[in-house]
Amino acid sequence: MAAELSPQDLRKRIRNGQWTQPTSGASKGFIQANLVMMPQEQAFDFLLFCVRNPKPCPILDVLEPGRFEPAIAPGADLRTDLPRYRVYENGQLKTEIENVSHLTHSGMVSFLLGCSFSFENAMLAAGLPIRNIEEGKNVSMYVTRRDCRPAGPFTSKLVVTMRPMTPAQAVRAVQITTRFHLTHGAPVHIGDHREIGIRDLDRPEFGDPVTIRPGEVSVFWACGVTSQLAATSLPLPLVITHSPGYMFVSDLKDEDLTIL
């Protein structure tokens with residue numbers, strides 16, 4: 001079962017092409033991360049964007065140019081150890097592939113940013129529903145109308161993930177996820193999706209729609225896919241990111257990054 005895989009075993013399977021699905025629910029208890037790779041000439045401005053927008057873009061690791069083994073997962077390779085990548089050229093999505101070793105070069109800087117998948121284990125342990133896991137789907141992700149703080153040439157709207165639950169469960173979810181400040185922390189919105197500019201919950205920009213049952217409310221967390229919108233907000237010659245929902249799984253445990 002996926003939950004029984006260590007991060008090292010999961011990454012090995014991914015590298016060998018034996019795991020090609022989203023990573024929600026995989027290697028439970030370990031920190032998952034968003035990935036952005038870009039030319040070093042723009043890396044400082046992008047780092048500044050992340051610092052100014054820590055809720056959607058919490059920094060877990062930044063690598064030296066041309067390095068692809070992160071400190072949070074010794075022995076890993078960011079070019080091969082994610083199930084699916086997105087490749088952007090001049091700001092436009094060109095392809096989605098499972099290995100980017102042939103595209104990376106010595107002038108690329110890699111960023112790993114916190115992911116809300118990392119607090120799901122704590123929510124499940126508290127008896128809270130994770131509907132996309134229950135239904136075997138990718139998490140629902142939506143672009144809101146909320147603006148992030150710009151930095152240099154980088155701009156973006158805030159992207160959020162959504163998990164439906166009862167009002168009482170939502171209160172408990174706030175209590176649990178507040179501790180996970182480097183993996184998005186507490187929700188940014190609860191309730192009417194139209195208040196943050198989402199038109200239709202059945203049509204997420206990324207991921208899959210999930211069932212919302214009678215009596216449930218929508219609970220929204222900041223999402224690291226925000227970083228993808230920012231990184232592609234100007235026509236850089238090459239940007240590589242994870243595909244939404246197909247994350248990098250590190251060796252850090254969820255509890256290592258919580259506020260006690």
Return the subset of Lys12/Lys137; Lys28/Lys94; Lys55/Lys253; Lys157/Lys253; Lys137/Lys157 for which the Cα-Cα distance in this structure is over 27 Å, preserving the input order. Lys28/Lys94; Lys157/Lys253
Placing unit charges on C-beta atoms (Lys and Arg positive, Asp and Glu negative, everything else neutral), compute the dipole magnitude of the chain about its Cα centre in debye, rounded to 20. 380
I need the shape label for the stretch 1-160. Rule: rounded when a/c is under 1.5, else prolate if a/b > b/c, else oblate, with a, b, c from the alpha carbon gyration tensor. oblate
Which angle between 0 and 90 degrees, to the nearest 10, do you get for helix 167-177 versus the longest principal axis of the chain when only C-alpha atoms count? 40
Stretchable slack from Glu255 to Glu134, in nm (0.36 nm times residue separation minus alpha-carbon distance): 41.2 nm
Using alpha carbon centers only, the stretch 39-70 is separated from the stretch 121-187 by a whole-angstrom value of 21
Counting alpha carbon pairs within less than 8 Å and at least 6 residues apart, what relative contact order, in whole percent, applies to the chain? 32
Interchain or long-range residues, amide H under 5 Å from Gly197's placed H: Arg145
Skipping prolines and chain starts, which residues have an amide H placed within reach, meaning under 5 Å, of the one on Gly29, given they are 5 or more residues away or on another chain? Asn121
Helix 43-52 axis, angle to the chain major axis (alpha carbon atoms, nearest 10°): 20
Built amide H within the under 5 Å cut-off of Met165, gap 5+: Val217, Val219
Report the one residue of Ser110, Phe68, Pro164 whose Cα lies farthest in the direction of the positive end of the charge dipole of the chain (charges on C-beta: Lys and Arg +1, Asp and Glu -1; origin at the Cα centre). Pro164
From the residues Gln32, Ala43, Ala151, which one has its Cα farthest along the dipole of the chain in the positive direction, the dipole being from +1 and -1 charges on Cβ of Lys/Arg and Asp/Glu about the Cα centre? Ala151
Under the Karplus relation with 6.51, -1.76 and 1.60 and θ = phi - 60°, whole-Hz ³J(HN,Hα) for the stretch 66-82, x at Gly and Pro, equal x, 9, 9, 9, x, 5, 7, 7, x, x, 7, 9, 5, 7, 10, 9, 10
Could you line up Ser243, Ser27, Ser106 from fewest to most neighbouring Cβ atoms inside 10 Å? Ser106, Ser243, Ser27
What is the Cα centroid distance between the stretch 92-113 and the stretch 3-20, reported in whole angstrom? 20
Quick one: if the Förster radius is 41 Å, what FRET efficiency do Thr166 and Ala71 give, using the C-beta to C-beta distance and rounding to 0.05? 0.55
Glu4 to Asp202: FRET efficiency via 1/(1 + (r/R0)^6), r the Cβ-Cβ distance, R0 30 Å, to the nearest 0.05? 0.35
Compute from the Cα atoms of the stretch 126-225 the Rg and the Dmax, the latter being the longest Cα-Cα distance, and quote both in angstrom. 13.5, 45
Just from its helices, what would the mean residue ellipticity at 222 nm be for the chain, if runs of 4 or more DSSP H residues each count -39500 (n - 2.57) and the sum is divided by every residue, rounded to the nearest 500 deg cm²/dmol? -5000 deg cm²/dmol
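Values quoted throughout were computed directly from the atomic coordinates according to the rules given, and no laboratory measurement underlies them. Here the structure is a predicted model, which means the values were calculated and not measured. All Cβ positions, even for glycine, are placed from backbone atoms using ideal geometry, and neighbour counts span all protein chains on display.
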